[in-house]
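Q: Have a look at the structure that comes next, please.
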Amino acid sequence: MELLDAWHKAPSMVKLMITREGVLSQQNEFKRGWAVLLGAFIGSGVGLASMVYYSTGIWIRPWQEEFGWTRAEIGFQQSISVMIMMLLAPLVGRLIDRFGLRRVAALCLLGYGLFLAIFPFMSGALLVLYALSFGYAIFGVGTTGIAFTRAVNAFFIKNRGLALGICLTSTGVMAFAMPRYMTPYVADHGWRAGFWVMFAIVMVSVPLVYLLLRDAP
């Protein structure tokens, strides 16, 4: 209440200076943190919980036709990866605290991408599918919001909500893009080609994320 009274009693010039300082501060945040925000946008977009999970339905029919797996058997691989990510999330958070965001995020993207490159070599053993899902989840947990929202929080204070919203918009982009573009691509070129495309996308993102992200201003 006292602060409110003081504000009303302050000269108009003082109010104008305070308001302008706030606007400039908000502008400076984006000027200072745009690269970090872009890196976080890219990283969260190509991460396991975005790109791969939003494309899960694309692989069901091709795998059923080629390997004879049931929908339930295929769906269980995502349950495995979700469970692993849930269990490892605190550990990855601790690793980020200790070794820094850039290194952990880039390493996790690299490891998860390499596991994507193994999927095209599957030959019908269901346990191989589950093992690969287990493997990419170990690295995939470091490609989620655990990593990238931390970067945004470090660089944005006044515009934190807006910056986080922009960062996480990338998941919506993937939710739209993967079914829209990957489905016809897989229909024309096969599901293995689809995994090679995802592998390539992740590999391109690794140096970008490493160069754009920073741990602190």
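We did not get these values from a lab; they are worked out from the coordinates using the rules stated. Fair warning: this is a prediction, and the values are worked out from it, not measured in the lab. So basically every Cβ, Gly included, is an ideal-geometry build from the backbone, and we count neighbours across all protein chains shown.
Q: Of these, Arg160, Arg192, which one is surrounded by fewer than 17 Cβ atoms within 10 Å (Cβ to Cβ), among the charged types (D, E, K, R) and within 18 Å of the chain's Cα centre (by Cα)?
A: Arg160
Q: Looking for whichever is part of a loop (DSSP other than H, G, I, E, B) and either touching a residue at least 12 places away in the same chain (Cβ under 8 Å) or on the phi < 0 side of the Ramachandran plot (or both) here; the options are Ser123, Ser79, Ser170. Which one fits?
A: Ser123
Q: Taking the stretch 32-66, which residues are in contact with a helix residue (DSSP H, G or I) (Cβ under 8 Å, 6 or more places away or on another chain) and of a type in the set (Phe, Trp, Tyr)?
A: Phe41, Tyr53, Tyr54, Trp59, Trp63
Q: Quick check on this structure: which one of Trp59, Trp34 is assigned to a helix (DSSP H, G or I) and within 20 Å of Ala131 (Cβ to Cβ)?
A: After ruling out the rest, the residue left standing is Trp59.
Q: Against the definition (in contact with a helix residue (DSSP H, G or I) (Cβ under 9 Å, 6 or more places away or on another chain) and of a type outside the set (Gly, Ala, Ser)), how does Glu73 come out, yes or no?
A: Taking the combined requirement at face value, the residue satisfies it.
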